[in-house]
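Peer 1: I'd like to ask some things about the structure below.
The values are calculated or read from the model by the stated rules, or taken from the named source; none is laboratory data. These numbers were taken from a predicted model, which means no experiment stands behind them. Cβ coordinates were reconstructed from backbone atoms using ideal geometry, including for glycine residues, and neighbour counts include every protein chain displayed.
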């Protein structure tokens, strides 16, 4: 059985583009102890730790762990914002500038093999006014998403340009994951 080690409804929806035969078992891994500062390494470590935590409970299944972060133009790592003020500060930092979205994925197979990778997408936001910020925060959308926005939702109105995998920004680089799973007959 294929298991998605994430509670994200967006990742569940994206994985269903590849296959309908999987179930969701959110990881209980505590990210707070991970101190890696290199973004690409960070998402790979977090994805693997999340997958490994679920692997302990389901050793005979194929596990997919994921993590997504946003890197501001000033090289700050943005995860999920802490409240409205945290989201406001993140969005202000992204306003009128280009940032990177990096998703890490770890696939653990029952035969002991694993595949760990990351994808990077560049996103350019329009300049956001205070009115834009207040409106977007009032939607409630920013509070469970890395960088404080969901490109597939209202924040798509702010995107001037994207370079790379759109689904990576949503939280799961499906094209690369599909190839990996196909190589292992999923």
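Peer 1: In segment 55-79, which residue that is part of a loop (DSSP other than H, G, I, E, B) and touching a helix residue (DSSP H, G or I) at 6+ places or on another chain (Cβ under 6 Å) is farthest from residue 172 (Cα to Cα)?
Peer 2: We begin by selecting, within segment 55-79, every residue part of a loop (DSSP other than H, G, I, E, B); these are 58-61, 72-76, 79.
Now narrow it down to the ones that are touching a helix residue (DSSP H, G or I) at 6+ places or on another chain (Cβ under 6 Å): 72, 79.
Details: 72: 19, 79: 15 Å.
Within segment 55-79, the match that is farthest from residue 172 (Cα to Cα) is 72.
Peer 1: Ok, one more. Could you please find all residues in segment 12-52 being outside any loop (DSSP other than H, G, I, E, B), in contact with a strand residue (DSSP E or B) (Cβ under 6 Å, 6 or more places away or on another chain) and either buried (at least 18 other Cβ atoms within 10 Å of the Cβ) or modelled with pLDDT under 95 (or both)?
Peer 2: Scanning segment 12-52 gives 15, 22, 39, 43, 44, 46, 47, 48, 50, 51.
Peer 1: Here is a follow-up. Give me the pairs, please: first residue somewhere in segment 116-136 and touching a residue at least 60 places away in the same chain (Cβ under 8 Å), second residue anywhere and part of a helix (DSSP H, G or I), beta-carbon distance under 6 Å, and either six or more positions apart or on two chains.
Peer 2: 116/44; 116/48; 118/40; 118/43; 118/44
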